[in-house]
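Remarks on the structure that follows.
The values are calculated or read from the model by the stated rules, or taken from the named source; none is laboratory data. These figures come from a predicted structure and were not determined experimentally. For neighbour counting, all protein chains shown are included, and Cβ atoms are generated from backbone atoms with ideal geometry for every residue, glycine included. Remember, those area values only see protein heavy atoms, side chains included, never the ligands or the DNA or RNA. Shrake-Rupley method; radii C 1.70, N 1.55, O 1.52, S 1.80 Å.
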Amino acid sequence: MAPLLEAISIGKTYPGGTVANDGVNLSVSAGEVHAVVGENGAGKSTLMKILFGIEQPDRGEIRLDGKVVSFANPREAIDHGIGMVFQHFSLVPSFSVYENVVLGSEPRNGIKFDRREAIEKVRALSEKFRLAVDPLPPVGQLPVGQQQRVEILKALYRDARILILDEPTAVLAPQEVEELFVAVRALVAQGRTVIFIAHKLPEVLEISDRITVMRGGKTVGSVNARDVTEESLATMMVGREIALRVERAKGRGELACEVKALKLTAESGVTIAQDLNLKVHSGEILGLVGVEGNGQAELLEAIAGLRPLADGVIYLNGTSLGPKSVLERRELGLASIPEDRIARGLATGSTIAENLVATRLADKRFVRNGLLDLKAIKANALSLIERFSIRSGGPGYAAGTLSGGNMQKVVVARELSEQPKLLLVNQPTRGVDLGATQFIWKSLTDARDGGAAVLLSSADLSELLALSDRLIVFYRGKIVAAFVNSDDLTAETLGTYMLGLSSQDPESMRAALQ
Amino acid sequence: MIELLVTVFSATFFVTVVRTTTPLLFAALGGLISDLSGALNVALEGMMLIAALTAVIVSVYAPWYVAVLSGVAAGAMLGALMAFFHLRLKADIILVGFAVNILATGGTVFALSRATGGDKGTSINLPSKAVPAVDLSFLEAIPAVGPTLKSLLSGHSILSWLGVFMVFAVWYFLFRTPYGLWLRGVGEYPAAPEAAGIPVAKVRAWSLVASGALAGIGGAQLAMFNYIGFTRDMTAGRGFIALGAVLLGARHPVGAMLAALLFGIFEALAVVMPNLFNWIPGEMIQTIPFVVTVLALILFSYRAQRARQMRTLSKI
């Protein structure tokens with residue numbers, strides 16, 4: 001059968017010399033779910049932007065139904081029946097669901113926006129494709145999974161035959177992923193074609209018919225989903241065997257950090273989290289599980305000293321952290337890898353060397369008589385760049401020029417250059433490629449083996465399951481379950497607690513909280 | 001004090017309020033449109049000033065409506081100028097706005113002196129025209145309420161009536177037409193309309209043009225009705241008060257009208273008070289509208305903050 005959409009030897013070089021696509025081929029047949037996988041920076045997003053008209057290729061051609069087409073902007077791609085759902089949703093928060101769906105192609109009645117027809121069309125679409133959403137509430141009030149459905153409806157409203165989903169599962173809880181897959185299957189059953197960008201391999205294998213693997217701006221190959229395994233795909237993606245397995249802790253040490261009856265409130269006075277009680281021992285990793293926005297991030301901020309405590313106490317090796325400043329906490333051996341490396345982890349305009357000593361300006365080695373010791377700072381940077389294999393132009397380059405994975409390594413290098421006693425980690429590998437992920441995981445377990453107590457929060461359940469020795473689940477600002485990690489513990493089990501669908505009996509929770 | 005109350009509750013005071021409110025209303029509607037499109041127009045002041053002078057000079061040679069239209073055109077062109085610098089050349093919108101204001105302060109004085117042959121203060125020696133007042137004397141014939149209706153409704157500038165209509169028109173545009181939806185979407189979250197194929201920059205540019213045109217009507221009303229003729233810096237901060245009215249009016253046309261009315265009332269008070277309280281220095285009285293603006297905005301942001309807290313509390 002002739003392919004529906006083809007991209008033939010696409011080349012794209014960004015101003016600045018980054019070669020994003022170099023001879024990329026993609027061939028998608030009608031009515032299939034076609035996954036495009038690859039590490040971050042492999043060129044998937046660029047390829048999709050070209051298919052959707054956001055970027056124009058320097059070389060190569062796109063064929064739709066066998067005819068050569070070129071899209072100067074997304075509008076033209078939409079007119080040709082291509083729709084795209086981005087990872088960051090393009091929805092106006094205060095607009096209702098139906099307003100968002102029809103925005104840009106509104107049904108009209110004279111010069112008037114025909115609201116009734118818009119609502120009816122959206123209802124009809126959501127029934128037809130099994131994407132249940134109420135058209136009336138403002139999208140800002142909907143959970144992420146529903147917002148994603150609104151995005152898909154938007155594309156379908158514009159008669160998309162081909163739907164590109166850019167990392168659609170990254171923001172979803174496991175149950176929501178299942179619902180998405182139901183919708184994707186419904187789409188394909190009704191003759192639509194889905195291109196699915198992803199890097200979580202189990203999901204890719206579950207949903208797709210064919211898989212195209214990209215690496216370093218090139219296509220490595222296309223395979224049928226049923227012919228490959230997770231391992232062989234991973235090898236294709238990275239180009240070498242990689243083991244995403246880590247050693248568990250050998251045994252835990254003394255109690256390092258204890259949180260007692262902690263309550264956190266937002267500036268508006270709303271309670272974010274309450275009744276938080278937990279203990280972390282040195283030499284163990286405690287995973288904080290929960291859909292984002294259930295209090296995990298705020299707990300880490302509170303321990304780091306970035307958020308006041310409304311009530312309760314936090315002890316680090318017997319010292320109450322409450323009255324201590326951020327700097328004093330760091331002197332007690334606290335280190336923190338924050339969620340957002342660009343906004344909070346780094347000063348992107350400053351050099352790598354400066355970033356690497358930013359938390360140590362009281363240190364006599366780097367600052368003498370109130371003046372920076374540039375030579376020592378540079379030497380420090382060179383040794384850390386070596387030790388953490390940060391790929392960069394050198395210590396004098398701005399941190400913002402690095403790729404996501406290398407930026408994150410700079411943060412990790414700074415926080416782990418001295419062995420911490422308590423390490424707070426939030427989303428350590430978000431938007432980081434597999435190679436760097438492997439390295440960062442290794443760094444975290446090394447810190448743990450060196451005697452750090454680690455609190456780890458991540459949106460990626462497989463990461464939490466791979467690294468944690470114990471896990472606690474947050475739901476609406478409370479700890480609702482606790483587990484000692486084992487091979488029997490699955491993402492699905494955690495998911496039911498994350499969504500508040502099941503609750504744990506107090507006995508087993510208490511046992512796992514110790 | 002009694003005298004003040006008597007004055008305030010007279011029909012003449014009401015007519016004064018409508019007069020002082022009209023320029024503020026147009027400027028506030030203009031500010032509202034550009035603010036909702038995501039471009040804060042701080043140049044309302046300068047746009048009004050330039051439009052006022054343009055209207056005055058044109059009215060010497062042409063009928064009043066041509067003069068008003070030329071004021072509108074002047075405002076719209078300044079809006080287009082801002083759009084060019086902000087959207088094409090990527091200059092900061094606030095800085096561009098202030099540049100227009102500075103241009104207006106100096107440029108109007110320069111143009112005024114050229115037009116009048118050397119007078120840098122007023123256009124008193126130019127025979128400029130006025131916007132006609134709408135005479136509704138026939139209302140008097142209605143039994144009982146006739147005379148009151150006449151004294152309340154007759155004698156307003158034709159532009160004041162246009163202003164009331166514009167409140168409705170702007171509301172209808174913003175909340176009942178697809179383009180209004182586009183405009184609000186562009187202002188709130190530009191990535192969404194962009195992904196839907198809506199030309200974001202174009203929407204903003206037209207909003208700025210419309211904003212300038214509305215401010216231009218305000219300027220024409222000021223120099224062709226509230227005062228006949230141009231005086232240097234005659235807008236006296238009205239453009240900024242109008243911006244305050246946009247916020248105070250909760251970014252809604254009707255709200256903006258009510259806020260403009262509030263500021264108009266205090267401006268009218270500043271007009272009538274010197275006659276009643278000659279022991280208060282005139283300058284003190286003239287500060288009233290500005291003090292009220294500041295107080296109103298403080299109160300507004302305090303209440304908005306409280307409302308946010310209540311909202312989040314009730315959600316939990």
Legend entry - Odd one out for A:G269, checked against (1) within 27 Å of the chain's Cα centre (by Cα); (2) within 14 Å of chain B (Cβ to nearest Cβ): (1)
Inset, instruction - Collect the residues in segment A:17-54 that are assigned to a loop (DSSP other than H, G, I, E, B) and within 14 Å of chain B (Cβ to nearest Cβ), keeping them in residue-number order. - result: A:F52, A:G53, A:I54
Inset, instruction - Can you confirm whether segment B:38-45 contains a residue that is out of contact with any Phe, Trp or Tyr (no Cβ under 9 Å at 6 or more places or on another chain) and at pLDDT 95 or above? - result: no
Inset, instruction - Could you tell me whether segment B:21-34 includes any residue that is in contact with a strand residue (DSSP E or B) (Cβ under 7 Å, 6 or more places away or on another chain) and closer than 18 Å to B:L162 by Cβ? - result: yes
Legend entry - Residue in segment A:321-344 that is outside any loop (DSSP other than H, G, I, E, B), basic (K, R) and free of Cβ contacts under 8 Å to residues at least 24 places away in the same chain present: yes
Legend entry - Verdict on A:K49 being over 29 Å from the mean Cα position of the chain (by Cα) and free of Cβ contacts under 8 Å to residues at least 40 places away in the same chain: no
Inset, instruction - Mind listing whichever residues of segment B:119-136 are open to solvent by 50 Å² or more (accessible area, probe 1.4 Å) and of a type in the set (G, A, S)? - result: B:A133
Legend entry - Looking only at segment A:87-109, and only at residues there that are assigned to a loop (DSSP other than H, G, I, E, B), facing chain B (nearest Cβ under 7 Å) and not hydroxyl-bearing (S, T, Y), the one that is farthest from the chain's Cα centre (by Cα): A:E106
Inset, instruction - Go through (1) open to solvent by 30 Å² or more (accessible area, probe 1.4 Å); (2) in a helix (DSSP H, G or I); (3) more than 14 Å from chain A (Cβ to nearest Cβ); (4) over 22 Å from B:L261 (Cα atoms) one by one and return the number of the condition B:L149 breaks. - result: (4)
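State all residues of segment A:380-406 that are under 16 Å from A:T359 (Cβ atoms) and outside any loop (DSSP other than H, G, I, E, B); if no residue qualifies, say none.
Residues of segment A:380-406 that are under 16 Å from A:T359 (Cβ atoms), as a first pass: A:380-381, A:384, A:388, A:399.
A:N380, A:A381, A:L384, A:A399, listed by residue number.
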Inset, instruction - Check B:A74 against each of (1) surrounded by fewer than 13 Cβ atoms within 10 Å (Cβ to Cβ); (2) more than 30 Å from B:S10 (Cβ to Cβ) and name the one condition it does not meet. - result: (1)
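If you check A:F483 against the conditions, is it over 19 Å from the mean Cα position of the chain (by Cα) and assigned by TED's automatic domain parsing to the domain that holds A:L361? Before you say what the answer is, go through the steps one by one.
Values: over 19 Å from the mean Cα position of the chain (by Cα): yes; assigned by TED's automatic domain parsing to the domain that holds A:L361: yes.
In short, yes.
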Legend entry - Leading residue by the ranking (surrounded by the fewest Cβ atoms within 10 Å (Cβ to Cβ)) among those in segment A:72-86 that are at the interface with another protein chain (Cβ under 9 Å from one of its Cβ atoms) and in contact (Cβ under 8 Å) with a residue 60 or more places away in the chain: A:F86
Inset, instruction - Identify, by number, the condition in (1) open to solvent by 30 Å² or more (accessible area, probe 1.4 Å); (2) closer than 30 Å to A:Q148 by Cβ; (3) at pLDDT 90 or above that B:A210 doesn't meet. - result: (2)
Inset, instruction - Mind listing whichever residues of segment A:132-163 are within 22 Å of A:E203 (Cα to Cα), within 12 Å of another protein chain (Cβ to nearest Cβ) and of a type in the set (A, V, I, L, M)? - result: A:V150
Inset, instruction - Look at A:R215 and say whether it is open to solvent by 50 Å² or more (accessible area, probe 1.4 Å), in contact with a helix residue (DSSP H, G or I) (Cβ under 8 Å, 6 or more places away or on another chain), modelled with pLDDT of 90 or more and not acidic (D, E). - result: no
Legend entry - In segment B:183-199, the residues that are under 24 Å from the mean Cα position of the chain (by Cα) and more than 7 Å from chain A (Cβ to nearest Cβ): B:L183, B:R184, B:V186, B:G187
Legend entry - Condition met for A:V122 (farther than 25 Å from A:D65 by Cα, at pLDDT 90 or above and away from chain B (no Cβ under 14 Å)): yes
Legend entry - Members of segment A:151-202 that are open to solvent by less than 50 Å² (accessible area, probe 1.4 Å) and free of Cβ contacts under 8 Å to residues at least 60 places away in the same chain: A:L153, A:Y157, A:T169, A:L172, A:E176, A:V177, A:L180, A:F181, A:A183, A:A186, A:L187
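Out of curiosity, is A:G404 open to solvent by less than 30 Å² (accessible area, probe 1.4 Å), closer than 30 Å to A:Q274 by Cα and in the same structural domain as A:V454 (by TED's automatic domain parsing)? Show your work before the answer.
Values: open to solvent by less than 30 Å² (accessible area, probe 1.4 Å): yes; closer than 30 Å to A:Q274 by Cα: no; in the same structural domain as A:V454 (by TED's automatic domain parsing): yes.
When the stated conditions are applied, A:G404 does not pass them.
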Legend entry - Scan of segment A:110-143 for residues that are part of a helix (DSSP H, G or I) and either in contact (Cβ under 8 Å) with a residue 60 or more places away in the chain or not assigned by TED's automatic domain parsing to the domain that holds A:F89 (or both), ordered by number: A:K128
Inset, instruction - Go over the candidates B:V164, B:V203 one by one and state the one that is open to solvent by 60 Å² or more (accessible area, probe 1.4 Å) and more than 9 Å from chain A (Cβ to nearest Cβ). - result: B:V164
Inset, instruction - Considering (1) among the aliphatic types (A, V, I, L, M); (2) open to solvent by 20 Å² or more (accessible area, probe 1.4 Å); (3) within 23 Å of B:A213 (Cα to Cα), say which one B:L139 fails and leave the rest. - result: (3)
Inset, instruction - Scan segment B:195-230 for residues that are closer than 30 Å to A:E106 by Cα and either of a type in the set (V, I, T) or in contact with a strand residue (DSSP E or B) (Cβ under 7 Å, 6 or more places away or on another chain) (or both) and jot them down. - result: B:I198, B:V200, B:V203, B:V209
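What are the residues in segment A:372-394 that are open to solvent by 20 Å² or more (accessible area, probe 1.4 Å) and over 26 Å from the mean Cα position of the chain (by Cα), if any?
Residues of segment A:372-394 that are open to solvent by 20 Å² or more (accessible area, probe 1.4 Å), as a first pass: A:372-376, A:378-380, A:382-383, A:385-387, A:389, A:391-393.
The answer is A:L372, A:D373, A:L374, A:K375, A:A376, A:K378, A:A379, A:N380, A:L382, A:S383, A:E386, A:G393.
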Legend entry - Unique residue being open to solvent by less than 40 Å² (accessible area, probe 1.4 Å), touching a Pro at 6+ places or on another chain (Cβ under 9 Å) and over 22 Å from B:E188 (Cα atoms) when the list is B:T235, B:T293: B:T235
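Determine which member of the set B:F230, B:F240 is open to solvent by less than 10 Å² (accessible area, probe 1.4 Å) and either at positive phi or more than 11 Å from chain A (Cβ to nearest Cβ) (or both).
Numbers: B:F240 fails: open to solvent by less than 10 Å² (accessible area, probe 1.4 Å).
Result of the check over B:F230, B:F240: B:F230.
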